[in-house]
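I have placed the structure first, in the form of structure tokens, so that the comments after it can refer back to it.
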Amino acid sequence: MNHAGDGNMRSVTIAARDGASLAATLFSPQQSEGPVVVIAGAIAVKQKFYERLAQFLAARGCRVLTFDYRGVGASRRFESPGGGLRAWGEQDLAGALDHALALAPDAPLRVVAHSVGGQLVGLAENNHSIRAMLAISTQIGDWRLWPAPSKYALWLFWNALLPIPAAVLGYFPAARLRLGEDLPKEAALEWARWCRSPDYFVDAAGRPFPGCFDGFTGSIRALTIADDWMAPKPAVEALMRRYRRAQIEPMAIRPAAKTIGHFGFFREAGRPYWEDCARWLIDA
């Protein structure tokens, strides 16, 4: 493991399960009394986006690990064996969990999952080690779960507007379209394939695969945010049904004034909810 930095924040290089190198950041508290927390981010979002919440959790005694999936953010500088979202879960997130467990073998392991991060937890073979997951807007991406007219726009996106540019350009130009980080071709095409299928988790031939959802037996606090069009309640509930052996506590956020949406929980608009969620995450 390589590392650099100062204070309570260090840049580190960690290994995915298949040996791919991933850029990560470790946030260390002054007194390591709490759990180790891995933040499994959303698609096309750099780990830096989660830095403020990571610092908040570190100030409450947690060791926190953030990381970039292969082909995204700071991990783009490393050569990798390739692979799309399935590799992000089975290899990258599983490797991050391995790293967290090695950091503090006796400390309980927690996860903060955002959007696709909550899907990838279900693909990590070692998710049985996770005691609790704070799941923020984590959903199944099947377009049929959205209300009209959004579902028809999503059908067009998954069938044409995402896969065609990704196939032609060799990547999806999300940054140019102000949709986050550019996506590697394999990740973009796999994401589109999943979102076109009612089974969602399907291989290249369209065959469903089960993942490792039944391995997770911990607690989940599943947040739905009323003004988040990217994660409507039916889509969040569809993902939670995959975690058949988990203890699931739904939490609905209905912002009165500030817009929160899909990303605002990790910005100033979400701060009023951080203390309660951090307490749950630490104590669960």
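Bear in mind that the values in this text are calculations on the coordinates, not laboratory data. What you see is a predicted model; the values in this text were computed from it and never measured. Glycine also receives a Cβ, built like all others from the backbone with ideal geometry; neighbour counts cover every protein chain displayed.
Taken over the range 66-104, the residue count meeting the criterion of being of a type outside the set (S, T, N, Q) and assigned to a loop (DSSP other than H, G, I, E, B) is 12.
Filter the range 9-24 down to residues that are in a strand (DSSP E or B) and of a type in the set (Gly, Ala, Ser) and give me whichever is surrounded by the fewest Cβ atoms within 10 Å (Cβ to Cβ). I'd like the intermediate steps shown before the answer.
Just the residues of the range 9-24 that are in a strand (DSSP E or B), to begin with: 9-15, 21-24.
Keeping just the survivors that are of a type in the set (Gly, Ala, Ser) gives 11, 15, 21, 23-24.
Numbers: 11: 13, 15: 16, 21: 17, 23: 23, 24: 25.
My answer is 11.
So which residues in the range 239-260 are buried (at least 18 other Cβ atoms within 10 Å of the Cβ) and among the small types (Gly, Ala, Ser)? The answer is 246, and nothing else.
Scanning the range 25-44 for residues that are surrounded by 16 or more Cβ atoms within 10 Å (Cβ to Cβ) and either of a type in the set (D, E, K, R) or out of contact with any helix residue (DSSP H, G or I) (no Cβ under 7 Å at 6 or more places or on another chain) (or both) yields 26, 44. The residue that is surrounded by the fewest Cβ atoms within 10 Å (Cβ to Cβ), among those in the range 185-199 that are in contact (Cβ under 8 Å) with a residue 40 or more places away in the chain and farther than 17 Å from residue 42 by Cα, is 198. Quick check on the range 213-228: of everything there that is out of contact with any helix residue (DSSP H, G or I) (no Cβ under 6 Å at 6 or more places or on another chain) and of a type outside the set (S, T, N, Q), which residue is surrounded by the most Cβ atoms within 10 Å (Cβ to Cβ)? Selected residue: 225. Count of the range 66-85 residues, restricted to those that are buried (at least 22 other Cβ atoms within 10 Å of the Cβ) and on the phi < 0 side of the Ramachandran plot, is 9.
Quick check: is even one residue across the range 234-247 in a helix (DSSP H, G or I) and more than 16 Å from residue 119 (Cα to Cα)? I'd like the intermediate steps shown before the answer.
Taking the range 234-247 first, the residues in a helix (DSSP H, G or I) are 234-242.
With the extra rule that they be more than 16 Å from residue 119 (Cα to Cα), the set shrinks to none.
Taking every residue of the range 234-247 in turn, none turns out to be in a helix (DSSP H, G or I) and more than 16 Å from residue 119 (Cα to Cα).
Flag not set for residue 284, criterion: of a type in the set (Gly, Ala, Ser), closer than 24 Å to residue 195 by Cα and crowded, with 16+ Cβ neighbours inside 10 Å. Any residue in the range 163-177 that is crowded, with 21+ Cβ neighbours inside 10 Å, assigned to a loop (DSSP other than H, G, I, E, B) and not charged (D, E, K, R)? Within the range 163-177, none of the residues are crowded, with 21+ Cβ neighbours inside 10 Å, assigned to a loop (DSSP other than H, G, I, E, B) and not charged (D, E, K, R). Counting only residues that are closer than 25 Å to residue 184 by Cβ and of a type in the set (Ser, Thr, Tyr), the range 24-67 holds 3 of them. In a residue-by-residue description of the range 45-61, the property of being touching a residue at least 40 places away in the same chain (Cβ under 8 Å), in a loop (DSSP other than H, G, I, E, B), under 24 Å from residue 214 (Cβ atoms) and touching a helix residue (DSSP H, G or I) at 6+ places or on another chain (Cβ under 9 Å) applies to no position. Which condition from (1) assigned to a loop (DSSP other than H, G, I, E, B); (2) under 19 Å from residue 144 (Cα atoms); (3) small (Gly, Ala, Ser) is the one that residue 211 breaks? Tallying (1) assigned to a loop (DSSP other than H, G, I, E, B); (2) under 19 Å from residue 144 (Cα atoms); (3) small (Gly, Ala, Ser), residue 211 fails exactly one: (2).
Taken as a whole, the condition of being assigned to a loop (DSSP other than H, G, I, E, B) and closer than 30 Å to residue 256 by Cβ does not apply to residue 221.
Among the residues in the range 138-149, are any touching a strand residue (DSSP E or B) at 6+ places or on another chain (Cβ under 6 Å) and not hydrophobic (A, V, I, L, M, F, W, C)?
yes
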